[in-house]
Amino acid sequence: MAKEEQDKILNEVTQSDYKYGFSSDIDTDFIAKGLSEDVVRLISAKKNEPEFMLEFRLKAYRHWLTMKMPEWAHLDIPPINYQDIIYYAAPVQKAKLESMDDVDPEIRATFDKLGIPLDEQKLLSNVAVDVVMDSSSVKTTFKEALAEKGIIFCSFSDAVQEHPDLIQEYMGTVVPYRDNFFAALNSAVFSDGSFVYIPKGVRCPMELSTYFRINAENTGQFERTLIVCEDDSYVSYLEGCTAPMRDENQLHAAIVEIIVKENAEVKYSTVQNWYPGNKEGVGGIYNFVTKRGICQGAHAKLMWAQVETGSAVTWKYPSTILLGDYSSSEFYSVAVTNNHQQADTGTKMIHIGNHTKSTIISKGISAGKSNNSYRGLVKVVKNCEGARNFSQCDSLLLGDKCGAHTYPYLEVHNKSAKVEHEATTSKIGEDQIFYCNQRGISTEDAIGLIVNGYAKEVINKMPMEFAVEAQKLLAISLEGSVG
Amino acid sequence: MSIDTINNDFADLFEQGKSLLDDKSSKFMNTKREEAFEQFKRLGVPTLANENYKYTNLVPAFDHPYTVDLQYRTVMGDLNELFYCDVPELDTNLVLLSNGWYYNQNRKLDIPEGVIVCSLQEAAEKHSEIFDKHYGKYAKPNEEGIVALNTALAKDGVFIYVPKNVVVEKPIQVINLLRSDRDLMATQRNLVVIEENAQAKLIFCDHTLTHSKYLSNTVSEINVAKNAIFDLYTLQNQHLNATILNSVFIRQEANSNVLSNTLSLYGGMIRNNHYTLFDGEHCENHTYGMYLMDRNQHVDNFTFADHAKPNCVSNEHFKGVMDDEATAAFTGKIHVRRDAQKTEAYQKNNNLLLSDTAVINTKPQLIIDADDVKCSHGATVGQMDDDALFYLRARGINEKEARMMLMFAFAHEIIEKIRIDALKDRIDELVEKRLRGEISKCNTCAIACNQ
């Protein structure tokens with residue numbers, strides 16, 4: 001790496017706490033605070049949705065009313081007043097966007113600042129982006145180029161209008177609205193998100209990406225992503241997110257549903273960098289996400305890769321249902337918590353089809369006064385022959401005030417299954433730091449180096465652009481945690 | 001019956017039987033009883049909704065009209081004649097309990113001076129200075145419903161006291177005989193106090209002697225003082241109609257060394273709660289367990305290693321073989337508290353499934369709040385190693401025998417940790433018989449158990 005580049009990164013590392021913490025002044029269409037059946041109807045009406053959507057939302061809302069917020073996670077969450085949240089906020093836009101020039105310049109400026117190019121000409125990398133701000137999708141790039149191949153990549157709202165049959169067929173099939181408290185809430189009030197449809201035999205030529213940004217105050221963000229991959233298709237999907245620094249806690253409850261059919265492959269990568277709150281633990285995003293994929297056909301493959309550095313509280317378990325014979329799934333995760341952050345994250349692998357395979361690699365890094373938990377389930381059902389799972393969960397502790405916890409659940413109902421789990425917890429070896437010091441590397445840099453090496457196994461699984469961002473994020477998140 | 005009815009029935013039993021419960025129990029015990037009952041009213045019998053009982057449904061076991069003895073029932077015949085433990089070369093101090101009550105005609109023991117082995121009732125009265133210092137201090141009636149229930153209903157059990165610097169060479173063997181012509185719920189409460197520098201070995205054996213349905217709820221509190229060395233072996237061998245709830249609470253003081261080995265060979269439903277509190281530096285603890293289950297048996301081992309002080313070492317290993325429709329669960333918790341630096345805690349759980357209807361659920365957990373620690377856990381579920389099987393077959397050993405050898409080797413890893421040679425050989429023999437499907441009782445045993 002060139003000297004200047006190094007200096008730049010070092011500068012970034014030492015100066016920035018959270019560099020995406022600015023907020024933008026954008027004309028935003030709000031609805032009143034609070035949640036009721038009328039609000040659900042209003043959101044549906046605002047989005048001009050067909051009848052089936054409203055019904056789905058109302059069913060979800062009514063079911064949500066009967067549910068309680070789950071308390072089993074190793075998290076300390078103050079009670080959330082669900083009536084004190086604005087459930088819909090969208091940047092005001094002129095009619096329909098014809099070209100890039102129609103996007104509000106302030107929004108463009110916001111995303112330029114975030115380093116997300118909305119302008120296709122300026123794109124360096126081959127990535128199509130759907131940008132979601134607060135509750136609605138602002139712009140989807142490369143839509144036309146993708147359409148030529150039959151790929152549908154658009155905002156969820158557009159999909160509801162343009163492909164209602166697909167939405168009706170797949171929405172809620174992987175994560176039903178009854179699934180859990182936050183899934184029910186999301187199903188009732190979700191505003192936008194991305195929709196991806198890859199037709200049979202098509203290999204998506206570029207990475208698809210959604211960038212989520214919370215901007216407005218007092219709002220919650222509820223988006224929904226649906227990815228359908230027909231037989232023999234392939235797609236790599238990326239998700240990134242940031243939010244401004246505010247003293248309040250904002251709620252983010254999302255749903256991701258992925259359907260992978262025969263021989264198809266999906267890679268889903270996330271770099272989650274919501275505002276984590278300040279050093280005293282004030283503010284930050286509550287990130288309560290339900291992500292689940294189903295490998296429906298034989299030989300289907302689903303890979304989750306995630307780098308979790310943001311959010312005050314993370315509650316997230318990307319899961320895979322391995323239904324098709326010989327289907328496989330992998331889960332790679334790095335979760336970093338610092339200051340007062342709390343994370344309870346992991347995965348579920350449900351083996352149903354014969355000879356299904358899953359791998360779980362989870363790396364937790366805790367610093368400051370944070371708590372970082374891995375919670376995972378590997379389940380092999382009775383008639384599932386020859387299932388194979390390997391899980392490895394390592395925790396690294398930086399500092400004596402933080403906690404690292406591991407809660408794996410292994411449920412095996414078939415004798416032919418081979419399931420292994422191992423976990424270790426340790427701190428960075430003094431000998432490793434000494435080795436670096438000896439070679440002129442300062443302690444702070446040495447720790448960055450060691451942490452990056454520790455996380456490498458996961459970061460290597462991410463697409464190139466993300467991997468670079470993820471590495472920088474790791475360094476920033478841990479800034480100041482070593483004394 | 002719903003769980004509420006069961007809990008209410010216990011409340012009625014407690015209130016109506018209050019005078020019988022208090023009778024012959026010391027005042028201190030009765031105070032604890034009252035407190036625990038309040039806790040039980042709050043907690044009740046644990047249900048599947050309780051995360052620690054996620055895989056063990058106790059409700060059907062409790063849902064039965066059991067007889068409960070609130071007073072010592074005179075034993076018909078001489079238990080010493082009826083039952084004798086036939087373990088060659090295992091010379092122990094034999095203590096018999098009948099349905100959780102200390103047998104009133106136990107033979108005289110060969111124990112060093114100062115060592116006390118007696119009934120809990122007697123200890124509460126005669127040795128109240130020791131009893132009151134330890135009783136109810138280590139068990140957690142505020143967390144475990146069944147422990148609260150035990151404390152509320154307990155009247156008797158065994159009390160063992162080993163004074164400072166005394167070494168009890170001969171292991172103390174406590175045999176609890178469940179023998180009743182009516183379906184019975186037994187409550188047993190044990191207290192073991194090992195003073196500084198003392199050493200002792202304790203063997204708990206459970207046997208069912210009649211075909212009645214049993215529910216046995218036992219709580220043992222064990223305090224191991226500084227520099228003391230203590231071994232605990234628990235042998236569970238009951239018939240299919242028995243539910244055994246066994247909660248052990250061990251507190252270790254500085255430099256103490258404890259080995260606990262729980263061997264579940266047979267039984268309808270077994271739940272073991274094993275708590276260890278490290279309340280001093282440089283303690284060493286080894287907790288082992290083995291379970292061999294078949295038919296529709298169920299075993300659930302719950303362990304909790306609470307590292308409250310720095311520089312302690314704990315090592316935990318549980319192994320199980322499940323056949324037929326047997327189900328097993330394992331939950332291992334290691335909690336390293338803040339500032340319990342330099343802790344080393346290891347935990348392992350290995351399981352062999354022999355049939356497609358057997359089930360294993362395992363939850364090894366690490367809760368770590370200190371940074372300078374070495375902790376690991378591992379869990380595996382699998383079948384026999386094909387290569388090893390091939391190796392044996394290639395040497396002319398038939399498949400059945402080869403599998404038997406591998407299974408036996410699998411189980412032996414736990415058995416070899418036993419620090420009493422005679423017992424080790426005996427268990428080896430029992431396990432081999434057990435794996436071969438023969439009834440796992442001693443050859444000369446006069447009692448028709450396990451049928």
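The values are calculated or read from the model by the stated rules, or taken from the named source; none is laboratory data. Being a predicted model, the structure only gives us computed values, none of them experimental. Here the Cβ positions follow ideal geometry from the backbone for every residue, glycine too, while neighbour counts run over all protein chains shown.
Look at (1) within 17 Å of A:His74 (Cβ to Cβ); (2) more than 12 Å from every other protein chain (Cβ to nearest Cβ); (3) touching a Gly at 6+ places or on another chain (Cβ under 7 Å) and you find that A:Ala343 fails only one, number (3).
Per this entry, A:Ser395 is not counted among residues that are closer than 19 Å to B:Asp372 by Cα, more than 23 Å from the chain's Cα centre (by Cα) and not in a loop (DSSP other than H, G, I, E, B). Taking the listed residues B:Asp339, B:Asp369, the one that is facing chain A (nearest Cβ under 9 Å), buried (at least 19 other Cβ atoms within 10 Å of the Cβ), more than 21 Å from the chain's Cα centre (by Cα) and among the charged types (D, E, K, R) is B:Asp369, with no other qualifying. In a residue-by-residue description of segment B:115-129, the property of being hydroxyl-bearing (Ser, Thr, Tyr), touching a Gly at 6+ places or on another chain (Cβ under 8 Å) and buried (at least 18 other Cβ atoms within 10 Å of the Cβ) applies to at least one position.
Taking A:Ala467 as the residue in question, decide whether it is surrounded by 17 or more Cβ atoms within 10 Å (Cβ to Cβ) and either under 22 Å from A:Ser373 (Cβ atoms) or at pLDDT below 80 (or both). For A:Ala467, the condition - surrounded by 17 or more Cβ atoms within 10 Å (Cβ to Cβ) and either under 22 Å from A:Ser373 (Cβ atoms) or at pLDDT below 80 (or both) - is met. Output the residue which, of all residues in segment B:15-45 that are in contact with a Leu (Cβ under 7 Å, 6 or more places away or on another chain) and surrounded by 18 or more Cβ atoms within 10 Å (Cβ to Cβ), is modelled with the lowest pLDDT. Selected residue: B:Leu21. Considering each residue of segment B:359-366 in turn, none proves to be crowded, with 21+ Cβ neighbours inside 10 Å, touching a residue at least 60 places away in the same chain (Cβ under 8 Å) and of a type in the set (A, V, I, L, M, F, W, C).
Among the conditions (1) in contact with a Lys or Arg (Cβ under 9 Å, 6 or more places away or on another chain); (2) under 22 Å from A:Ile77 (Cα atoms), A:Ile365 misses just one, which is (1). Each residue in segment B:141-171 was checked for being part of a loop (DSSP other than H, G, I, E, B), hydrophobic (A, V, I, L, M, F, W, C) and over 17 Å from the mean Cα position of the chain (by Cα), and 2 pass.
Any residue at all in segment B:383-398 that is in a strand (DSSP E or B), of a type in the set (S, T, N, Q) and within 7 Å of another protein chain (Cβ to nearest Cβ)? No, because not a single residue in segment B:383-398 is in a strand (DSSP E or B), of a type in the set (S, T, N, Q) and within 7 Å of another protein chain (Cβ to nearest Cβ).
Return yes or no: is B:Leu354 surrounded by fewer than 22 Cβ atoms within 10 Å (Cβ to Cβ) and either within 9 Å of another protein chain (Cβ to nearest Cβ) or in contact (Cβ under 8 Å) with a residue 24 or more places away in the chain (or both)? For B:Leu354, the condition - surrounded by fewer than 22 Cβ atoms within 10 Å (Cβ to Cβ) and either within 9 Å of another protein chain (Cβ to nearest Cβ) or in contact (Cβ under 8 Å) with a residue 24 or more places away in the chain (or both) - is met. The set of residues in segment A:353-380 that are in contact with a Gly (Cβ under 6 Å, 6 or more places away or on another chain) and either under 17 Å from A:Trp315 (Cα atoms) or facing another protein chain (nearest Cβ under 8 Å) (or both) comprises A:Asn371, A:Asn372, A:Tyr374, A:Arg375, A:Gly376. Residues in segment A:286-327 that are in a strand (DSSP E or B) and in contact with a His (Cβ under 8 Å, 6 or more places away or on another chain) were compared, and the one that is modelled with the highest pLDDT is A:Leu322.
If you go through segment A:228-285 and pick out every residue that is touching a Gly at 6+ places or on another chain (Cβ under 7 Å), basic (Lys, Arg) and modelled with pLDDT under 85, you end up with 1. Taking the criterion of being of a type in the set (Gly, Ala, Ser), part of a helix (DSSP H, G or I) and in contact (Cβ under 8 Å) with a residue 24 or more places away in the chain, the only residue of segment B:8-25 that qualifies is B:Ala11. In the set B:Glu125, B:Glu113, only one residue is modelled with pLDDT of 85 or more and closer than 26 Å to B:Leu13 by Cα; that residue is B:Glu125. Among the candidates A:Asn383, A:Asn414, the residue that is facing chain B (nearest Cβ under 9 Å), touching a residue at least 12 places away in the same chain (Cβ under 8 Å), of a type outside the set (A, V, I, L, M, F, W, C) and surrounded by fewer than 18 Cβ atoms within 10 Å (Cβ to Cβ) is uniquely A:Asn383. The single residue among A:Ser328, A:Ser362 that is surrounded by fewer than 23 Cβ atoms within 10 Å (Cβ to Cβ), within 21 Å of the chain's Cα centre (by Cα) and in contact (Cβ under 8 Å) with a residue 12 or more places away in the chain turns out to be A:Ser328. Among residues of segment A:417-460 being free of Cβ contacts under 8 Å to residues at least 40 places away in the same chain and part of a loop (DSSP other than H, G, I, E, B), the one that is nearest to the other protein chains (Cβ to nearest Cβ) is A:Ile428.
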